[in-house]
Each structure stands twice: as structure tokens, then as C-alpha cells.
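The values are calculated or read from the model by the stated rules, or taken from the named source; none is laboratory data. On a predicted model such as this, the values are computed, not experimentally measured, just so you know. Counting neighbours? That spans all protein chains shown, and the Cβs are built from the backbone with ideal geometry, glycine included. When the accessible area is computed, the model is the full protein with side chains, heavy atoms only, and any ligands, DNA or RNA have been set aside. Shrake-Rupley method; radii C 1.70, N 1.55, O 1.52, S 1.80 Å.
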Amino acid sequence: MTTDTDIQLSGPFKASDSTGRSHDVKGIRIFDEGYGIIDVYVDFAAPVDGGLYKDTVLAKAVIDQLRKLGYKGPDFGPSDPGLQERKLIVLEAPEEFAPFAKSKGWKNLAEEFDDE
């Protein structure tokens with residue numbers, strides 16, 4: 001589910017997991033504001049297994065899609081298990097993701113409090 005506070009980073013694509021099973025990804029998105037750590041939301045067309053957010057092969061496929069769109073940086077890790085849903089996995093982007101996110105319209109709210 002997307003809202004007006006989302007920034008859509010990618011449209012639909014296919015991604016495989018470590019078992020070789022293919023998944024239809026509806027899109028990749030982030031919230032338009034945050035405090036440094038960026039959660040990356042990956043929406044699926046059909047329900048996925050509960051532990052899929054920890055699947056490194058699937059995460060790599062998502063990151064490869066973002067790299068096609070201009071992201072340059074390290075791979076992501078899984079986010080909080082409580083954020084995962086039936087048709088959604090959430091990955092936690094490293095700090096190096098912020099410049100790419102900013103180029104897409106993301107605002108780092110923590111910068112308002114910097115003393116520099």
C-alpha cells in the first residue's frame with residue numbers, strides 16, 4: 001500500500017530468492033522523510049514467506065534493481081521483523097543510501113538539528 005508520503009523508486013520487476021523461486025515485485029518505495037536510517041519497502045504482487053526479508057539472494061536482487069536506477073553503495077540488511085507483512089518486506093539501507101534517496105526527493109529530518 002502506498003500513500004502520498006511515499007517516494008516510488010522502482011516499478012514492477014521479477015526477483016528470485018535463494019530457493020530459485022521467482023517473485024513478482026510491484027515496486028520499491030521509501031517514505032519521503034526520515035531521521036538518517038532509511039527503510040526500503042518492497043511490495044509484492046502475492047503473499048511471501050515470513051522469513052523472506054532475511055533472504056540475501058532476494059535482497060541482492062532488490063539492490064541490483066536500485067543500482068540500475070543509480071544507487072551506488074553497499075548492500076542492505078533486513079529491517080525490524082515487526083515491520084514485515086504478507087505482501088511486503090522491509091530492508092534497512094546503509095548511510096550510503098542517503099544521497100540516492102535525496103536525489104529522489106527524500107528529506108533527512110535530522111539535518112535540521114545539525115549544529116554545523
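A few points about this structure:
- Positive minus negative residues near ALA101 (Lys, Arg vs Asp, Glu; Cβ under 13 Å): -3
- Going by accessible surface with a 1.4 Å probe and the largest first, VAL57, VAL48, VAL62 read VAL57, VAL48, VAL62.
- For the chain, the number of Lys pairs with C-alpha atoms closer than 20 Å, counting only pairs eight or more positions apart or on separate chains, is 19.
- GNM top mover of GLY105, GLY82, GLY70 - the chain, alpha-carbon springs below 10 Å: GLY82
- Think of it as helices only: each DSSP H run of n ≥ 4 in the chain is worth -39500 (n - 2.57), and spread over all residues that comes to -4500 deg cm²/dmol at 222 nm.
- Calculated diffusion of the stretch 64-116, Stokes-Einstein form, Kirkwood radius summed over Cα pairs, 20 °C and 1.002 mPa s, µm²/s: 166 µm²/s
- Each part reduced to its alpha carbon centroid, the stretch 76-113 and the stretch 16-49 end up 11 Å apart.
- Normalised by residue number, the volume inside the convex hull of the Cα atoms of the chain is 102 Å³ per residue.
- Contact order normalised by residue count of the chain, Cα under 8 Å, 6+ apart, percent: 29 percent
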